[in-house]
Amino acid sequence: MTPTLILMVKEPRPGRVKTRLGRDIGLVPAAWWFRHQTRRLIRRLEDPRWQLVLAVAPDREGLQSRTWPAHLPRWPQGGGHLGDRMARMLARAGGAPACVIGADIPGIQKPHIAAAFRALGRQDAVFGPAPDGGYWLIGLKHPARQPAGFLQGVRWSSADALADSLATLPDHRVARIATLRDVDRAHDLP
């Protein structure tokens, strides 16, 4: 089965996306940056080795959006906190290995994604850490078989996000791949 790469995207509307960045550079420039960053990332990551799926929010608007390429499958993220939505997207991927990434990591390249799927050939889960204590990628070898409490109780947007997420995977063999930086504030921009 072909592995699935799930890209979490929000409709790039000022005030709805990259709000912390927007406080630094303005809401319109932050939305513009996100839109163009995501388009570049999609072009860079399309690859026959995996199926690229867009996990869109808000649901109805994202499913109907003309912002994202029409040829890519779109899944509505649904409600809940980030962990709920990521777990739901991974479960939807079914039996083949799957990874979830955010769209605000300019450094992601195809070799990073290939390394994550290779790691899932040997391990049960994989993380791509971020320098701030979070992560830019999470993947599961068997995404439909998540442990009870998976991604619950995680302190999102904190230095504890990776450690908290790891704690929700008891008895799982976990690999880590390259550390990459996401863009939250102006000083994170490349």
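Derivation of every value follows stated rules applied to the coordinates shown; laboratory data play no part. Bear in mind the structure is a predicted one, so any value in this text is a computation, not a measurement. Cβ sites come from the backbone with ideal geometry, for glycine too, and all protein chains shown count toward neighbours.
Some values worked out for this structure:
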| quantity | calculated |
| --- | --- |
| Selection count where residues are buried (at least 17 other Cβ atoms within 10 Å of the Cβ) and either within 26 Å of Gly139 (Cβ to Cβ) or touching a residue at least 60 places away in the same chain (Cβ under 8 Å) (or both), scope the stretch 1-50 | 22 |
| Verdict on Asp184 being touching a residue at least 40 places away in the same chain (Cβ under 8 Å), in contact with a Lys or Arg (Cβ under 6 Å, 6 or more places away or on another chain) and not hydroxyl-bearing (Ser, Thr, Tyr) | yes |
| Of all residues in the stretch 150-177 being in contact with a Phe, Trp or Tyr (Cβ under 9 Å, 6 or more places away or on another chain) and not in a helix (DSSP H, G or I), the one that is surrounded by the most Cβ atoms within 10 Å (Cβ to Cβ) | Ile177 |
| Output for the stretch 21-51, where each listed residue is closer than 23 Å to Met1 by Cβ and touching a helix residue (DSSP H, G or I) at 6+ places or on another chain (Cβ under 6 Å) | Asp47 |
| Only listed residue being surrounded by fewer than 16 Cβ atoms within 10 Å (Cβ to Cβ), touching a residue at least 60 places away in the same chain (Cβ under 8 Å), out of contact with any strand residue (DSSP E or B) (no Cβ under 6 Å at 6 or more places or on another chain) and over 18 Å from Val174 (Cα atoms), chosen from Gly80, Gly107 | Gly107 |
